[in-house]
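J.: Please read through the structure below; I'll follow up with questions.
The values are calculated or read from the model by the stated rules, or taken from the named source; none is laboratory data. For clarity, every value in this text was computed on a predicted model and none was experimentally measured. Counting neighbours? That spans all protein chains shown, and the Cβs are built from the backbone with ideal geometry, glycine included. These area figures cover heavy atoms from the full protein model, side chains too; ligands, DNA and RNA do not enter into them. Shrake-Rupley method; radii C 1.70, N 1.55, O 1.52, S 1.80 Å.
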Amino acid sequence: MPREGVKKEQRSFTDEEVGRILAAAPEPFGTILAVTAVLGLRIGEVLALRISDLDFTRKLIRVRQSVDAATRLPQAVKSKASSADVPMPSQLEARLRAHLKNHDGKSELLFVNRRGRPFSANKLREKQLHPLLVKLGIPRGGFHSMRHGATSALLADGATPAVVQKQLRHSDARITLGIYGHVIGNQQRDAVENRSARIEQFAVN
């Protein structure tokens with residue numbers, strides 16, 4: 001059987017790129033991007049977050065539903081594993097609290113457009129994200145590139161596949177590694193560096 005062709009590497013935003021994007025993004029788009037980029041949530045899950053999903057006491061965000069891209073109606077998340085609680089970092093907490101101060105309270109959804117409806121992920125990408133990337137001179141990527149960047153950064157920082165799987169809410173760690181296994185984490189790099197140094201010590205004439 002012929003081998004599979006070389007897979008195209010998924011676009012992945014770096015932490016520096018994300019920081020620049022967030023600094024230039026208008027609200028509430030900046031907060032939407034921050035939740036997507038920091039937590040690695042799918043864009044549909046971010047747009048379906050309710051105010052009640054924010055637990056400031058326990059510093060958690062509950063992921064329970066997702067906005068359908070076609071109908072813009074909330075629906076069930078992708079899988080059983082996708083329904084989970086994720087940590088709320090202090091920086092993200094500050095952004096969310098600031099966002100809530102400007103929320104009119106008429107909708108239970110955290111993010112709504114001027115008509116009080118859920119945002120369209122496609123319109124946000126075309127009208128907000130892509131023009132912003134052009135303005136900043138950052139290579140094009142979509143919302144999933146934010147999720148990919150979050151995963152790559154976690155692995156590179158030495159997080160175990162089990163931890164990353166839990167954060168990404170994949171049903172199986174093999175999915176995580178199958179998609180993101182190209183990332184070389186610090187632990188892997190350190191292990192190879194240490195072994196290489198040890199070999200060279202013995203290689204002295």
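J.: Could you give every pair whose Cβ atoms fall below 6 Å, whose first residue belongs to region 63-78 and is under 17 Å from residue 116 (Cβ atoms), and whose second residue is hydrophobic (A, V, I, L, M, F, W, C) and open to solvent by less than 80 Å² (accessible area, probe 1.4 Å), counting only separations of at least 6 or pairs across chains?
T.: 67/47; 67/48; 74/48; 74/67
J.: Can you tell me which of (1) farther than 25 Å from residue 167 by Cβ; (2) free of Cβ contacts under 8 Å to residues at least 40 places away in the same chain is the one residue 108 doesn't meet?
T.: Failed condition: (2).
J.: While we're on this one: Starting from region 123-144, keep only residues that are among the charged types (D, E, K, R), then list their pairs with residues that are part of a helix (DSSP H, G or I) whose Cβ atoms are within a distance under 6 Å, requiring at least 6 positions of separation or different chains.
T.: 140/133
J.: Given the conditions (1) assigned to a loop (DSSP other than H, G, I, E, B); (2) surrounded by fewer than 16 Cβ atoms within 10 Å (Cβ to Cβ), and given that residue 119 satisfies all but one, which numbered condition is not satisfied?
T.: Unmet for residue 119, out of (1) assigned to a loop (DSSP other than H, G, I, E, B); (2) surrounded by fewer than 16 Cβ atoms within 10 Å (Cβ to Cβ): (2).
J.: Quick one: in region 11-33, which of the residues that are in a loop (DSSP other than H, G, I, E, B) and small (Gly, Ala, Ser) is surrounded by the fewest Cβ atoms within 10 Å (Cβ to Cβ)?
T.: 25
J.: I would also like to ask the following. Looking at (1) crowded, with 19+ Cβ neighbours inside 10 Å; (2) at pLDDT 90 or above, find the lone condition where residue 50 falls short.
T.: (1)
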